[in-house]
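Worksheet: the structure to be examined is printed underneath.
Just so it is clear, none of the values below were taken in a lab; they were calculated from the coordinates. No experiment lies behind these values; they were computed from the predicted model shown. In this analysis, Cβ positions are derived from the backbone assuming ideal geometry, glycine residues included, and neighbour counts consider all displayed protein chains.
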Amino acid sequence: MRMLLFSTGLLLVLLIVVLLFNTLRLPNHQLAPEAAAQKPDLDPVVTVEHLAGALRIPSVSHTDYAQTDTVPFGQLLTYYRQTFPLVHERLRREVVNDFGLLYEWPGSDPSLKPLLLLAHQDVVPVLEGTEKNWTRPPFAGLVADGFLYGRGALDDKLNVIGQLEAVEYLLRTNYQPRRTVLLAFGHDEETHGKLGAAALADLLGRRYQQRPALEMVLDEGGLIKTDGVAGLAQPVALVGVSEKGYLSLELTAQGAGGHSSMPPALTSVGRVAAAVAKLEANPFPARLDGGVSALLAYLAPAVPFGRRIIFANQWLFGFLIKKSLVATPSGNAALRTTTAPTIIRGGEKDNVLPASASATVNFRLLPGDSVEAVIARVKKLIDDPEIKVSILGDGRSASPVSQTDNAAFTHLHKTIKSVFPQALVAPYVVVGATDARSYAHLAPQATYRFMPLLMAQTDIDRLHGTNERIGTVAYQDVIRFYVQLLRTDL
Ligand SMILES: [Zn+2]
């Protein structure tokens, strides 16, 4: 008995030693503070007005491109030319599919691979019936109480105009980059990006034939969240290193049809409903290795010691981390390939058995899960040979996970620290879709999704929503960030 107590005690001590050892030797991934980035000599009233002008042009894209009014897109091209004359005088500009833009700013050293900045010119529509909820009209570009209001203020015209503003400024100071800088602005990001991003990426792939073709790609995606990341009081610059994949499956069951007075034991509607219920009851396993683990490793040095022990010993406390994360939809989405039944169809009359019924289920794939593996798991779970499983549209797995220990990420990290010294930097996996996925093959190790904007959750909620707005002071840092990113050498 004493022996047992002794060995249990010894094991416990050993465990504590291991936990503390792991915690104390945890590497600090945060780079030291940088010298503050210079503030470009720009009038904030003028730069905000430049962005406001773009917000007044309603470049709304519709899923059915035939419904898209293309006139505003033409107006935007003219607007850029008028607002940023030096950019249009000194950079080479190409147009794809009428409105997709590629600007090339040749570097002094042609042996270096280009740096590519992305942004998109289109915006989502204002939901019908919500117009009256906007305190400032969505396409008026009005400033009130330190905010510029308008559809596209956050997604994504701040990046289009912010990048052009930074390049115009640098041209005015006669700066020439060492590395070629490319800007690519698609015009249908909100509707899958086939005409814009895909065509622009294609053009770049043909022009730059080396692989990888580009040194670094930077698109929208993450941002600097000022509240609520891992309970930290400090803002966290979330840099997307990958984005989740996308797959929609249709589950179809055929029935005999006929009158509902003599139904079979299992109808096509019943079969499909049972299949959907099985999928929802059996979510994909929650995993830390799909991005969460890396995020926590970057944040660990900043959290209180107790939590640091947990972050540093995910082998033991992983279950605790998962348990707390799955409690929210966003945490859950970060942990697993998600399953979302979105459409269910079958039958038209209350007393007629439908000949067929179907359901559509949308999956967002975490890095590490392939389209084939998802389909195989779905079929196995449903376990009903009478249900046909087919892919709708193009399925894709997550985009390649970019590195955090290369020169490109370090450059980004340092630039963030020089403009936002108070922020922690952390890699994460973007849950939604961005144009960057079309370009990822041109720089699979160095495609990042991040916009240099400080935002609280209440403002993040306005993305694609009502009263989208950007802080006029925060916007100055967007420009400052792009100036610093281009002015310092990568
Ligand atoms: Zn966007």
Checklist entry - Distance from the Cα centre of the stretch 130-154 to that of the stretch 373-449, in angstrom? => result 31 Å
Item to check | For Gly107, residues with placed amide H under 5 Å, excluding near neighbours | outcome: Thr180, Val181
Checklist outcome for this item: Listed with the fewest Cβ neighbours within 10 Å leading, Thr173, Thr466 appear as Thr173, Thr466
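Suppose R0 equals 51 Å; then what is the FRET efficiency for Phe21 and Ile460 from their Cβ-Cβ distance, rounded to the nearest 0.05? It would help to have the intermediate numbers written out before the result.
Working: r = 38 Å, r/R0 = 0.74.
It comes out at approximately 0.85.
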Next on the checklist: Test of the criteria: in the stretch 316-368, which trypsin sites (Lys or Arg not before Pro) are in a DSSP loop and have at most 16 other Cβ atoms within 10 angstrom of their Cβ?
Outcome noted: Lys349
Checklist entry - Using a simple charge model, +1 on the beta-carbon of Lys and Arg, -1 on the beta-carbon of Asp and Glu, nothing else, what dipole does the stretch 82-152 show about its Cα centre, in debye to the nearest 20? => result 120 debye
Checklist entry - Within straight cross-link reach of Lys113, meaning Cα distance under 14 Å, which aspartates and glutamates are found once same-chain residues fewer than 8 apart are removed? => result Glu104, Glu215, Asp489
Next on the checklist: Place a point 7 Å from the Cα of Thr328 along the Cα-to-Cβ direction; which residues of the stretch 227-244 have their backbone N under 18 Å from it?
Outcome noted: 227-240
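What pairs in Lys323/Lys380; Lys132/Lys157; Lys39/Lys244 have C-alpha atoms more than 28 Å from each other?
In this structure, Lys39/Lys244 lie more than 28 Å apart at Cα.
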Checklist entry - Tell me, Glu243, Glu386 in order of fewest to most beta-carbon neighbours within 10 Å? => result Glu386, Glu243
Checklist outcome for this item: Listed with the fewest Cβ neighbours within 10 Å leading, His120, His413 appear as His413, His120
Checklist outcome for this item: Here D for the chain, in µm²/s, from Stokes-Einstein with a Kirkwood Rh over Cα pairs at 20 °C and 1.002 mPa s, works out to 86 µm²/s
Next on the checklist: Suppose the chain between Arg93 and Trp315 were pulled fully straight at 0.36 nm per residue; how much longer would it get relative to their current alpha carbon spacing?
Outcome noted: 74.8 nm
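For a Förster distance of 22 Å, can you work out the FRET efficiency between the beta-carbons of Leu112 and Asn174, rounded to the nearest 0.05? Let's see the in-between values first.
Working: r = 20 Å, r/R0 = 0.90.
E(calc), rounded to 0.05, equals 0.65.
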Checklist entry - Label point 7 Å out from Ser390 along Cα-to-Cβ: which residues of the stretch 255-285 have amide N under 16 Å? => result 255
Next on the checklist: Output wanted: per-residue J couplings in Hz (rounded whole) for the stretch 33-39, from phi through Karplus 6.51 cos²θ - 1.76 cosθ + 1.60, θ = phi - 60°, x for Gly and Pro.
Outcome noted: x, 9, 4, 4, 5, 4, 7
